[in-house]
Amino acid sequence: MAKKEAIIRNYETAKQRYAEIGVDTDAALENLQKIKISLHCWQGDDVRGFLNPDGDLTGGIMATGNYPGAAHTPSELRKDLEKTFSLIPGKHKLNLHAIYADTDEKIDLDTIEPKHFASWVDWAKEQGLGLDFNPTFFSHPMYKDGFTLASPDKTVRDFWVEHGKRTRKIAEYFGKETGQTSINNFWIPDGYKDNPVDTLGPRRRLMEALDEIFAEPLNPAYTEDAVESKLFGLGAEAYTAGSHEFYMGYGISRNKLVCLDAGHFHPTEVISNKLSALSLFSKGLMLHVSRPVRWDSDHVVIMDDELAAIGRELVRNNLLEKTNIGLDFFDATINRVAAWVVGARNTQKALLKALLEPTDFLKQKELEGDFTTRLVYTEELKDFPYGDVWHYFCETNGVPAGLGWLEEVQKYEKETLLVRA
């Protein structure tokens, strides 16, 4: 009780301080409450899935580490996700990959159907969650010589085209059943390890394959298609067919969402500065909030400058309504539940920081040419007590504030994860 009283007291003090610069903290928290983060299922089992969990991880992806407690069954993964969601304020979504089908039936990626994900839908309804989806264009025998949809082999392309078509039907099913639009995000690993001669051919094949997959119009109230670029991957260091330029052009010309993954660019190239530009031309945006370390990779989201910048760009430019926010990282060197919670809560904190700015006031000063006031305010805001507002947000949502959530994760690890391992 004493801790709760302290949180409320500190919030009232912070509320008054923000009010002095024209910021309504209650309104900021109301806005934050509405923002859904889509948690990626693949952090819980190191991107193995359930169709072929003992197969090799391919497609330029590598999950490193051997921390105990990885989920091995759909029920174990759902249990881990329930613990995770209980430590994140608000109601959110789960992002599934096609390899996470829950069925005893013998199926392959080109034969999956909505019924193979019925248990996930039932669970999502019970938990009050939305569901997003992803085709799985990797870790499969038909990922041949580094190619799927851009393959020169028509048999390979046809297999993956059929897979893509079926995932759209599954995403449509998710949207109908949950009442929340399911974003179906297409990413493929196709590329060359060394310098190719023909860079156009694979991209033309990829374009034509995607056109075939998307030929059937689906109700956007149920599902939206997104396309995602990547700089390079293991085994595709020299060239990727699905570059940023390719998917930016494809998404805009085909009226698809453009997905930007913060971990899919060179570490010195940020996605925050791309958001406002893309928003002028694209139907909408999908974000995979991640973190590159030295190279194109996906590390657990921390509160760094780029995450804060992404939050500011979304809030300052009123882009939240046309942006779908998801996480994408996989780290097997630490507790997997903790990784999810750290990434999700940091993403929410970055958005909260931005929501606690006097944006209209700052824009007006900028228009007036008063760059001194702009600089002073944006610098002084770095010292404002957003943490006290965040702790209050956690308290009102019934989740632990501060380090309290770590104790719950450690208890869960001892009682569940270590027993499982």
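A compact table of results
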read-out	value
Condition check for L81: out of contact with any Ser or Thr (no Cβ under 9 Å at 6 or more places or on another chain) and either closer than 15 Å to F330 by Cα or surrounded by fewer than 21 Cβ atoms within 10 Å (Cβ to Cβ) (or both)	yes
Extreme residue, surrounded by the fewest Cβ atoms within 10 Å (Cβ to Cβ), among residues of region 324-343 that are in contact with a Lys or Arg (Cβ under 8 Å, 6 or more places away or on another chain) and either of a type in the set (K, R) or assigned to a strand (DSSP E or B) (or both)	I325
Subset tally (residues that are over 29 Å from the mean Cα position of the chain (by Cα) and within 30 Å of Y11 (Cβ to Cβ)) for region 367-378	5
Failed condition for N95, given (1) at pLDDT 95 or above; (2) under 30 Å from N134 (Cα atoms); (3) more than 19 Å from the chain's Cα centre (by Cα)	(3)
Residue, farthest from the chain's Cα centre (by Cα), within region 235-271, restricted to residues that are crowded, with 19+ Cβ neighbours inside 10 Å and charged (D, E, K, R)	K256
Single condition K274 does not satisfy, out of (1) in contact (Cβ under 8 Å) with a residue 24 or more places away in the chain; (2) in a helix (DSSP H, G or I); (3) crowded, with 17+ Cβ neighbours inside 10 Å	(1)
Residues (surrounded by 15 or more Cβ atoms within 10 Å (Cβ to Cβ) and in a loop (DSSP other than H, G, I, E, B)) located in region 92-107	H92, A101, D102, T103
Helices (runs of 4 or more DSSP H) completely within region 344-421 that count 2 or more residues being surrounded by fewer than 19 Cβ atoms within 10 Å (Cβ to Cβ) and among the hydrophobic types (A, V, I, L, M, F, W, C)	359-367, 371-380
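The values are calculated or read from the model by the stated rules, or taken from the named source; none is laboratory data. On a predicted model such as this, the values are computed, not experimentally measured, just so you know. Virtual Cβ from ideal backbone geometry, glycine too; neighbours counted across all protein chains shown.
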